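The values are calculated or read from the model by the stated rules, or taken from the named source; none is laboratory data. In this text the structure is predicted, and so the values were computed from the model without any measurement. All Cβ positions, glycine included, derive from the backbone under ideal geometry; neighbour counts span all protein chains shown. The accessibility values were calculated without ligands, DNA or RNA, using every heavy atom of the protein model including side chains. Shrake-Rupley method; radii C 1.70, N 1.55, O 1.52, S 1.80 Å.
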There are 2 protein chains.
Amino acid sequence: MEDEVDRLVAAWRRERPDLDVEPLEVLSRVSRLARHLDRARRLAFSEHGLEPWEFDVLTSLRRAGAPYQLSPGQLLTQTLVTSGTMTNRIDRLAKKGLVERLPDPSDRRGVLVRLTPEGRDRADQSLAGLLAQERAILAQLSQGQRGDLAALLRRLTAPFDNIPG
Amino acid sequence: MEDEVDRLVAAWRRERPDLDVEPLEVLSRVSRLARHLDRARRLAFSEHGLEPWEFDVLTSLRRAGAPYQLSPGQLLTQTLVTSGTMTNRIDRLAKKGLVERLPDPSDRRGVLVRLTPEGRDRADQSLAGLLAQERAILAQLSQGQRGDLAALLRRLTAPFDNIPG
DNA sequence: AATATATATCTTGATGTCAAGATACTCGAT
DNA sequence: ATCGAGTATCTTGACATCAAGATATATATT
């Protein structure tokens, strides 16, 4: 089936036949799909009273395992936002009682962010909902295709994640 | 090579062995890669004095072909933002002299947004820069792999683009 | 022709994000 | 011990985005 990127690429080939726009076949689809996923997630989380950014922070802490705490810096690399944004997010989550800030015992510059029991529950509940939604989206592909897709994407994400991006 | 999503998935399997987190192998990579691309684009465009959102609007109009005009509604489906955001974007681009607003002759509710000659030049220049950057990112894959990846992604984007998403 | 429904765009107010810089602490070199 | 460079977090101010609703016009139904 045709998608919006097929139309976009066809338009460029008509308007700029001198350019090779093949890269857009992959990367425009990545960007557009991410935006669609954002919208879908926003809808899914609103049933749990969570914003997507709240989910991102809470589940990062949840994944860390007991006692569910990370430094703001570790949260940055997981969520790919700037430090100012993370300070703001932590403030708001703390005000809602989903995380708390503790002094880092080994570095007095530092802070540790810890999930509260309620924060942990919210993370667990909404993860299950997200996975159900994602499974529905991925039903377009066979299991083998999903594996292929994941492997191809990994080749593109790895340089960003490993080089100091 | 391992990426951040490999670590993320491993962490979930340790913390929540009861859940099947396979969907994250694909969709978390899509979301994270899109964020990396956003950052890279912001950097690339700043050399041309353009923001990513400006690029998105200008190139949508450029692709439309002479006389380079679309309705705000058509721009919405291409850029996946809300109508309020688009009004705001058009205002700012008009103030910079890159687009102009014209009344739609066939529908008095409507408006047409048209690229100015300078807007067209800026779109053309920055497109070439973007393609160069994207080619470098995609050098991780062979041509055949890029084709496979595009085809797999299309299966996921097509439902969003065709059903009234 | 009159009315109801649908459509296209804009306005508003709240909120989230970013870039840049400030602050406070650590650690290695002298 | 002291200095200087590096690191971790926070603050600030400008700006972009969204959701919801307002306004004006078009189109379908009777």
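The table for this structure:
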{"read-out": "Cα-Cα separations in chain A greater than 24 Å, expressed as whole percent", "value": "50 percent"}
{"read-out": "Closest approach to the axis - chain A beta-carbon, rotation onto B, Å", "value": "A:ALA34, 2"}
{"read-out": "Accessible area in square angstrom per residue, chain B, 1.4 angstrom probe", "value": "48 Å²"}
{"read-out": "Efficiency of FRET from Cβ geometry, A:ASP18 and A:GLN125, R₀ 45 Å, rounded to 0.05", "value": "0.25"}
{"read-out": "Nearby aspartates and glutamates by direct alpha-carbon distance to B:LYS95 (threshold 16 angstrom, same-chain neighbours under 8 apart not counted)", "value": "B:GLU51, B:GLU54, B:GLU118"}
{"read-out": "For chain A, built as a Gaussian network whose Cα springs stay under 10 Å, the top-fluctuating residue of A:ALA139, A:ALA64, A:ALA123", "value": "A:ALA139"}
{"read-out": "At 7 Å out from Cα toward Cβ: A:GLY65 inter-copy label distances (nm, ascending)", "value": "5.9"}
{"read-out": "Contact surface B-A: accessible area buried, both sides summed, square angstrom, 1.4 angstrom probe", "value": "7500 Å²"}
{"read-out": "Region A:17-100 - Kirkwood radius from inverse mean 1/r over Cα pairs (Å)", "value": "14.9 Å"}
{"read-out": "Cut-off 20 Å, label 7 Å out along Cα→Cβ of A:ARG35, residues of region B:58-80 by amide N", "value": "B:58-65, B:68-80"}
{"read-out": "Computed [θ] at 222 nm, deg cm²/dmol, chain B (DSSP H ≥ 4; -39,500 (n - 2.57); rounded to nearest 500)", "value": "-22500 deg cm²/dmol"}
{"read-out": "Extended-chain gain in nm, criterion 0.36 nm per residue less alpha-carbon gap, A:GLU100 and A:ARG7", "value": "28.6 nm"}
{"read-out": "Whole-angstrom gap from region B:85-142 to region A:98-129, using each part's C-alpha centre", "value": "42 Å"}
{"read-out": "Relative contact order of chain B, defined on C-alpha pairs under 8 angstrom at six or more residues apart (%)", "value": "18 percent"}
{"read-out": "Within chain A, longest stretch free of exposed trypsin sites (Lys or Arg not before Pro) [DSSP loop, at most 16 other beta carbons within 10 Å]", "value": "A:1-95"}
{"read-out": "Those residues of region B:75-103 for which accessible area with every protein chain present is at least 30 Å² below the isolated value (1.4 Å probe)", "value": "B:GLN78, B:LEU80"}
{"read-out": "Point-charge dipole on Cβ atoms (K/R +1, D/E -1) for the protein assembly as shown, about Cα centre, debye to 20", "value": "620 debye"}
{"read-out": "GluC sites (Glu not before Pro) restricted to region B:70-145 and DSSP loop, no more than 15 other C-beta within 10 Å", "value": "none"}
